[in-house]
1. Place the peptides 267-274, 238-245 in order of packing, highest mean first, counting for every residue the other Cβ atoms within 10 Å and averaging per peptide.
2. Most exposed first by the Cβ proxy, i.e. fewest other Cβ within 10 Å, how do Glu143, Glu110 rank?
3. What distance in nm separates the simple spin-label points at Ala40 and Asp187, each placed 7 Å from Cα in the Cβ direction?
4. Given labels modelled 7 Å from the Cα in the Cβ direction, how far is it in nm from Thr95 to Asn208?
5. Sequence-distant or interchain residues sharing an amide H contact under 5 Å with Asp28, placed H: which?
6. Could you work out Rg/(2.2 N^0.38 Å) for region 81-281, with Rg from alpha carbons only?
7. Using DSSP to call loops (not H, G, I, E or B), can you name the trypsin sites (Lys or Arg not before Pro) in region 178-214 whose Cβ has at most 16 other Cβ atoms within 10 angstrom?
8. I need the Kirkwood Rh of region 97-170: take the reciprocal of the average 1/r across all distinct C-alpha pairs and report it in angstrom.
Amino acid sequence: MPTASDILRDPAPSLRDLLTFYVESGVDCALLEEPVDRLAEQAAVAPLAPLAAAAEKPVYAPLLRASEMPKPAIRTETALVPEIAIAAAREAAATAPDLAALRALLENFEGCALKSTATRLVFADGNPQAKVMFVGEAPGRDEDIEGLPFVGRSGKLLDLMLAAIGLNRTNAYIANVIPWRPPGNRDPSPQETQICLPFIKRHIELVNPDVLVTLGNPSTQSLMGTRDGIMKTRGRWRDYDTGTRSIKALATFHPAYLLRQPSYKRMAWLDLRSIAAALKANQ
Ligand code: URA
């Protein structure tokens, strides 16, 4: 298999070599039928002067209407100003009276650059009336294609984990902190997480479960406001303030981690039993 440097040295790599190179670099699906010359676009990007002017005005409402946005060639201007996007996200999320409105707000939100590379919004799956809500990190390739969280390999394991305690997508609810797939499944940046956080927090508040389960480190750290790693945070109940009430919250391993480290399934099983017991006690 050719390495990246082989490819770069070879003046005429084969199509197969190029595709291999793309896949290894994380480019595993095409966004458009026709290629786009991003280098040519870069030259056409407007200077950033309007950005400074925009930052002085109350720009929150325009951030939500794509049709009113100036059309930058590569990234939305808001992607360059995380503080504005975070403030806009907070303000917008707080106004959503229900899940349908929250979903519509996210569909129209232009403050997170991940939206422009994702195929579609991955909002949630399962029963919004459920007593338990699971929150993962961000959609992967399969989720991006289907528009539903946890439908790929780790989703299959999550389904098995749920089934082990009598749960499924009719009596549990599933979402992610980040609702758009990061390109090539890279980790979301801290800014992207901060921009998406108000939406998932409002999402949790609207679903109003009795029990919240965070899957893996990123979701646990961002929702529980801790920097501790999953080995320390998992399996320990804590209170989560939804904004309207305090609910029980537990962190456990992300199924993708369990696929890589199956020996931790034993500990995950303890967490699952603890979740089942908490749900029973709440009946
Ligand atoms: N990993 C996640 O965190 N969420 C998904 O939806 C899929 C994989």
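1. Put in order of decreasing packing, that is 267-274, 238-245.
2. Glu110, Glu143
3. Those two pseudo-labels are separated by 3.7 nm.
4. 2.3
5. Gly184
6. That ratio works out to 0.95.
7. Values: sites: Arg186, Lys201, Arg202; in loops: Arg186.
Passing sites in region 178-214 are Arg186.
8. Numbers: mean 1/r = 0.0737 Å⁻¹.
Taking every pair of different Cα atoms in region 97-170, averaging 1/r and inverting gives 13.6 Å.
Laboratory data are not the source of any read-out in this text; all were calculated from the coordinates shown. Please read these numbers as outputs of a predicted model, since none were measured by experiment. With ideal geometry, Cβ positions are generated from the backbone for all residues, glycine too; neighbour counts draw on all protein chains shown.
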